[in-house]
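J.: Provided herewith is a single structure, encoded as structure tokens, for subsequent inquiry.
Please treat every number below as a calculation from the coordinates, not as lab data. Model, not experiment: these values are computed from the prediction. Here Cβ is always computed from backbone atoms with ideal geometry, including for glycine, and neighbour counts include all displayed protein chains.
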Amino acid sequence: MTAEMTGIGVGPGVAAGPVARLAAPPEPPADTGPEADPAATLQRIKAALESVASDLDERAARASGPAKDVLFAQSMMPRDPALADRIAKALSDGRSGPHAVAEAFASFRASLEAAGGYLAERAADLDDLRDRAVAELLGLPMPGLPDPGRPFVLVARDLAPADTAGLDPERVLAVVTQEGGPTSHTAILAKSMGLPAVVACAEAASLGDGTEVLVDGRGGIVTVEPDAQTTERAMSSESRRREALASSRGPGRTADGTGVQLLVNLGSQADLTAAAETDSEGVGLFRTEFLFLDRATAPTVEEQTEAYAAVFAAFAGRKVVVRTLDAGADKPLAFVDHGAEPNPALGVRGIRLARRHPGMLDDQLTAVSAAAARNEAEIWVMAPMVATPAEAADFAALCRSHGLAMAGTMIEVPAAALRAGRVLEVCDFASIGTNDLGQYTLAADRMNGELAELLDPWQPALLELVGLTAEAGRELDKPVGVCGEAASDPLLACVLVGLGVTSLSMAPSAVPAVRAELASRTLAECVELAGAVMACGDAAEARRAVA
Ligand code: PEP
Ligand code: MG
């Protein structure tokens, strides 16, 4: 029977298909003491490991390119006799079966890490194999990305950024999560892949594998078991929408010709081609940390240089704003020592990590500078999570010492927005990260779907800080852009322009709709919309006022 579930739409467009769920990994198995028959337990464990390995073989047979090699290489690990020996030893030491498996994988992981190089890189794969082996042994649902053998709608309680980055857009039609906010990094990645996505859809907990759903990423609606007519109507309106937007071209400008640079946000290497092909004036936010989400060890200067050079080459003749590593909080990196923090979003993340690991920022700027020297793109560099003018000044000085001429600051911390004039005096430009600025202004964790209303980028308090920053930029004649998700909402983009921002950076898929909306209004009309929003009490009222 058709039913509708609502959440928050984050990805553009509409898609229909069968559900495949992402099961959470099993809890770490406790040691419940010696097995009555260790030999029989060992046989059951070996059978579980073989089943995990043959599942990987089957996936490898269906895959192509580098994924095929990776899957085949992974399938050898559960079959490694050294692993079975370690499990047998743990059983004979009196461990219970599932715990023996976890213990053996942990010691295997430690050996790989100690070996360094390529083997250390593979160590993280072992966690997934361990979870699969334990789930198989205990008869629990298989964790990790599902592979039903046909395109599917991925449904999950929540997705880690690393899971999302690993999605194959050829097979994943859309994403629905029960938790997560509209500005969570998972939502951002889904959007950048052009996947229709609905987050904070609590009712999706009841969706089982194979159920047909229609996902509307604009309206935030998941229709369960839609009738054929509904699906057909939605899909044909979707293709009309895509065609209409595909015909929009050229630089961003208002109806009366005020130029507003339209730029794209770039995360993974996989996004590069689509991002470069988008009709834009360049990259307004290159999230460098997304390149290294799956790395167990820090990338070398040479590796970073290659990665950046590939991006700069794809954008030759255009601008690329590189954001230095923004690790921490919801984007922990395996090779960074984040320490234990009770409140990571308020902890040592972004530029603050450079105090703890100064070499990391220095290496990154060395690599950016080397890659810039090889290419024709116009390179700007900016730091995330700057809170004070002194931090902005230090960062700008460091960039200059690396020969990087355009050094800027992200405005994501309310303190930096409130003192934007002083921040901009010591650097060359500012780019407002409305996702974090919203999180910190409203004191609402951007990962928390329950707080979506507070995280709404239409919140007048957030927009007031945008206005203050833009005004400081105008006074000092320095560019102030927006690169948070606010820029990808066509109507809100007009409000931002009315508040005085000079560029908008967004998921590539959002550019055509923003360009079209902007072209339909004069600057004076945008200013009028901004004024109307500032007179509102909350986000919902602001949306209504502009709509
Ligand atoms: C932001 O905070 O708005 C931003 C653009 O950075 P990120 O989303 O990567 O934290
Ligand atoms: Mg941010």
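J.: How would the range 194-345 be classified by its alpha-carbon gyration tensor: rounded, prolate or oblate, with rounded meaning a/c under 1.5 and the a/b versus b/c comparison settling the rest? Mind showing how you got there, number by number?
T.: On the way: a/c = 2.31, a/b = 1.21, b/c = 1.90.
Oblate, because a/c is 1.5 or more while a/b does not exceed b/c.
J.: With a 10 Å Cβ neighbour count serving as the proxy for reagent exposure, in which order, fewest first, do SER268, SER509 appear? Numbers along the way, then the final one.
T.: Working: SER268 19, SER509 23.
Ordered from fewest to most neighbouring Cβ atoms within 10 Å, SER268, SER509 come out as SER268, SER509.
J.: Quick check for me: using +1 on Lys/Arg Cβ and -1 on Asp/Glu Cβ, what's the dipole size of the range 238-312 about its Cα centre, in debye to the nearest 20?
T.: So the dipole magnitude of the range 238-312 works out to roughly 360 debye.
J.: How about LYS478: which aspartates and glutamates have a C-alpha closer than 12 Å to its C-alpha, ignoring those fewer than 8 places off in the same chain?
T.: Qualifying aspartates and glutamates at Cα under 12 Å: GLU425, ASP428.
J.: Give the residues of the range 1-30 whose amide nitrogen is closer than 14 Å to a point set 7 Å from the Cα of MET235 in the direction of its Cβ.
T.: It comes to 14-18, nothing else.
J.: To the nearest 20 Debye, how big is the dipole of the range 248-546 about its Cα centre, given +1 on the beta carbon of each Lys and Arg and -1 on that of each Asp and Glu?
T.: Values: 23 positive and 39 negative charges, 80 e Å.
Here the range 248-546 has a charge dipole of around 380 debye.
J.: Continuing with this model, one more query. So what is the diffusion coefficient of the range 248-546 in µm² per second by Stokes-Einstein at 10 °C and 1.306 mPa s, using a Kirkwood Rh over Cα pairs?
T.: Numbers: Rh = 19.1 Å.
Approximately 83 µm²/s, per Stokes-Einstein.
J.: Please arrange SER92, SER236 by how many other C-beta atoms lie within 10 Å of their C-beta, fewest to most.
T.: Numbers: SER92 14, SER236 10.
Fewest-to-most ranking of SER92, SER236: SER236, SER92.
J.: Please work out whether the range 38-138 counts as rounded, prolate or oblate from its C-alpha gyration tensor, where a ≥ b ≥ c are the square roots of the eigenvalues and a/c under 1.5 means rounded, while otherwise a/b larger than b/c means prolate and anything else oblate? Write down the numbers at each step before the final one.
T.: Numbers: a/c = 2.55, a/b = 1.39, b/c = 1.84.
Because a/c hits 1.5 or more and a/b fails to exceed b/c, the range 38-138 counts as oblate.
J.: Moving on. What is the ratio of the Cα radius of gyration of the chain to 2.2 N^0.38 Å, with N the residue count, to two decimals?
T.: On the way: Rg = 24.6 Å, N = 547, 2.2 N^0.38 = 24.1 Å.
Scaled against compact globular proteins, the figure is 1.02.
J.: Per residue of the range 337-352, what does 6.51 cos²θ - 1.76 cosθ + 1.60 with θ = phi - 60° give for ³J(HN,Hα)? Whole Hz please, x for Gly and Pro, Karplus curve as stated.
T.: 7, 8, x, 9, 10, x, 9, x, 5, 9, x, 7, 10, x, 4, 5
J.: Also: Rounded to the nearest 20 debye, what is the charge dipole size of the chain about its Cα centre when +1 sits on each Lys and Arg Cβ and -1 on each Asp and Glu Cβ? All intermediate terms of the calculation are to be shown ahead of the outcome.
T.: On the way: 46 positive and 75 negative charges, 167 e Å.
Computed charge dipole of the chain: roughly 800 debye.
J.: Also, I was wondering about something else. Kindly identify the range 322-366 as rounded, prolate or oblate by the Cα gyration tensor criterion: order the square roots of the eigenvalues as a ≥ b ≥ c, call it rounded if a/c is under 1.5, otherwise compare a/b with b/c, prolate if a/b is larger, else oblate.
T.: On the way: a/c = 1.99, a/b = 1.78, b/c = 1.12.
Cα axes put the range 322-366 in the prolate bin.
J.: Nearest 500 deg cm²/dmol is fine: what mean residue ellipticity at 222 nm does the chain get from its DSSP H runs of n ≥ 4 alone, each adding -39,500 (n - 2.57), divided by its residue count?
T.: -14500 deg cm²/dmol
J.: Rounded to whole Å, give me the distance from the Cα center of the range 211-229 to that of the range 309-385.
T.: 39 Å
J.: Quick check on packing: order 358-367, 498-507, 189-198, 31-40 by the mean number of other C-beta atoms within 10 Å, highest mean leading.
T.: On the way: 358-367: 17.4, 498-507: 25.5, 189-198: 27.1, 31-40: 12.3.
Highest mean packing first, the order is 189-198, 498-507, 358-367, 31-40.
J.: Something else about it: Please work out how much length the chain gains when fully extended from THR297 to ALA547, using 0.36 nm per residue of separation minus the C-alpha to C-alpha distance, in nm with one decimal.
T.: Numbers: separation 250, 0.36 × 250 = 90.00 nm, distance 4.85 nm.
Result for the pair: 85.2 nm of gain on full extension.
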